[in-house]
Amino acid sequence: MRRRATVLSRGLYAVTIVLCAAALASGAPPMTESGRRIQFPGVFVGTGLRQLDPEHDEGDPLRYLELRSEFPLGPLAVGLDLELGLEDRNLFRFDIRNRDWDEPSDWLRWIDYIDLGRPGQNYYVSVSRLRDVRLGHGTLLDHYQSAIDFDSPRTGAQAGVELGYVSADVLTNDLVRPDVVGGRVALRPLHKGGSSLERPEFGITAQIVSDLRAPERLRFDGSGRPRLDGERNYRAAREPLTAWGLGVELPSIHLVFDLVPYVEWNRIEDFGDGWHVGADLGLTVPGTELNVLARLEWQRGERGYLPTYFHALYEVDRFRFPRLDSATTRREALAAITMADGYLVEARALLAGFELLASFEYVDTEEDNNLFTLGLKWVGSEEWSARVFYVRRGATQLPEAFSFDDASTLGVHVVWHAEPWAALDLGYERSYIMDRVRRQFDPVDVWSAALLFGSSF
């Protein structure tokens, strides 16, 4: 069974590549509405400063050069963002930071996005660093991020199609060297015509997500410390880990709000299985343009099962579960889980270019399985854009959710186009970096500021 699941997962990666390439080359069929809004079309070049916290700033650049451009290309929205980090050698000499270009995936880091449509439309393709990605109802993969390792930002892809009787979504976290790949298919045998995106109908779903190189056991040196390879990653015995599931979506129930119940059963291959029973809710506040989306879910996990196994911090959590100073793997921890009951509450509000997200998932095992997520996106201005994404692990009460510590990640990014030819880019990021001395992933605080000049069109 493991071999068949692995072959299927590798097939999903191939389908993702072929579907993305074909759609981007052909322009794809008509969409229900336009895709990503290109907010600042033009070409800009500039320089900036980046400061890592003192514990991790040895050999890291304080300066970088940046070339940024956003433009339409036929039916596509294209955003390019090339940053060259510079290491100080002396007053007049700077070298390009080698650690930014020492992995195969690094050679696509200049792609900010290449989009055709967006999730929720009849057809979409997106090549970008995955941020806050969900597959289906999120019972296997939710709020996933592919670029929380500071030294390994990974460019992945998503694609999907909605054909009425059937819809499908596929994704990969890395186009060059994939680890996480996934796909989902929904069949609607009672489809009555029109778009099932606007009016959900009875559906039967199947999904699969695999980590093709999931660490199974870390390798240690003579002093008992984990070994690292030339790319500063853990040396580990690796085997594919596959999770798959089946589900049922009930027809939309229209009350004061729209209610879409669902039931899903998932299994983590060679470990355990679990149930998810929930409902998606949607409401447009009368007399306003405010849309509120919510999700309520009850979770029941048997031995060897964790809900939402591929979560927001998975890229580093698979090596350091369950605590920040741990050197075990997430896969090893599955064998110790006897039961994992929990619930999830989530709300998302959209109004005039603003998008606000709040989510809390509680799992009754170790505290570190609980995840609080908060997000804010604003693209409603011709001059300003802002994005905030915060994740806190281990919170059991609301005050703990806002305790900004080593169990937290935060990204803040603000762009101000003061003039058509000038822009200021400010950012703060709490991500993770491999500490070569302690040989573990440590939180790292990165401050950045860049001044860009160019031409809008």
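The values are calculated or read from the model by the stated rules, or taken from the named source; none is laboratory data. What you are looking at is a predicted structure, and each value in this text was computed from that prediction instead of being measured. Quick reminder, even Gly has a Cβ in these numbers, built from the backbone with ideal geometry, and neighbours come from all protein chains shown.
For segment 254-288, what are the residues that are among the acidic types (D, E) and closer than 16 Å to F202 by Cβ?
Those that are among the acidic types (D, E) and closer than 16 Å to F202 by Cβ: D258, E264, D280.
With respect to D325, is the statement that it is surrounded by fewer than 17 Cβ atoms within 10 Å (Cβ to Cβ), more than 22 Å from the chain's Cα centre (by Cα), closer than 23 Å to P240 by Cα and modelled with pLDDT under 90 true? Judged against the criteria, D325 is not a match. Counting residues in segment 391-412 that are aromatic (F, W, Y) and at pLDDT 90 or above gives zero. Can you work out which of the residues in segment 100-111 that are part of a loop (DSSP other than H, G, I, E, B) and modelled with pLDDT of 80 or more is surrounded by the fewest Cβ atoms within 10 Å (Cβ to Cβ)? So the residue we want is W110. Do we have any residue at all in segment 216-227 that's touching an Asp or Glu at 6+ places or on another chain (Cβ under 6 Å), modelled with pLDDT of 80 or more and either surrounded by fewer than 14 Cβ atoms within 10 Å (Cβ to Cβ) or under 29 Å from W101 (Cβ atoms) (or both)? Checked against the condition, which is being touching an Asp or Glu at 6+ places or on another chain (Cβ under 6 Å), modelled with pLDDT of 80 or more and either surrounded by fewer than 14 Cβ atoms within 10 Å (Cβ to Cβ) or under 29 Å from W101 (Cβ atoms) (or both), segment 216-227 yields no hits at all. Scanning segment 39-75 for residues that are surrounded by fewer than 16 Cβ atoms within 10 Å (Cβ to Cβ) and modelled with pLDDT under 70 yields D53, P54, E55, D57, E58, G59, L62.
Taken together, the residues in segment 232-260 that are surrounded by 15 or more Cβ atoms within 10 Å (Cβ to Cβ) and in a strand (DSSP E or B) amount to 13. Just to be sure before I move on: is D151 among the acidic types (D, E) and either within 10 Å of the chain's Cα centre (by Cα) or closer than 23 Å to L357 by Cα (or both) in the structure I sent? Against the criterion (among the acidic types (D, E) and either within 10 Å of the chain's Cα centre (by Cα) or closer than 23 Å to L357 by Cα (or both)), D151 does not qualify. Residues of segment 76-94 that are at pLDDT below 70 and either crowded, with 17+ Cβ neighbours inside 10 Å or of a type outside the set (F, W, Y) (or both): E87, D88, R89, N90, L91, R93, F94. A residue that is at pLDDT 85 or above, of a type in the set (D, E, K, R) and farther than 22 Å from L410 by Cα can be found somewhere in segment 112-120.
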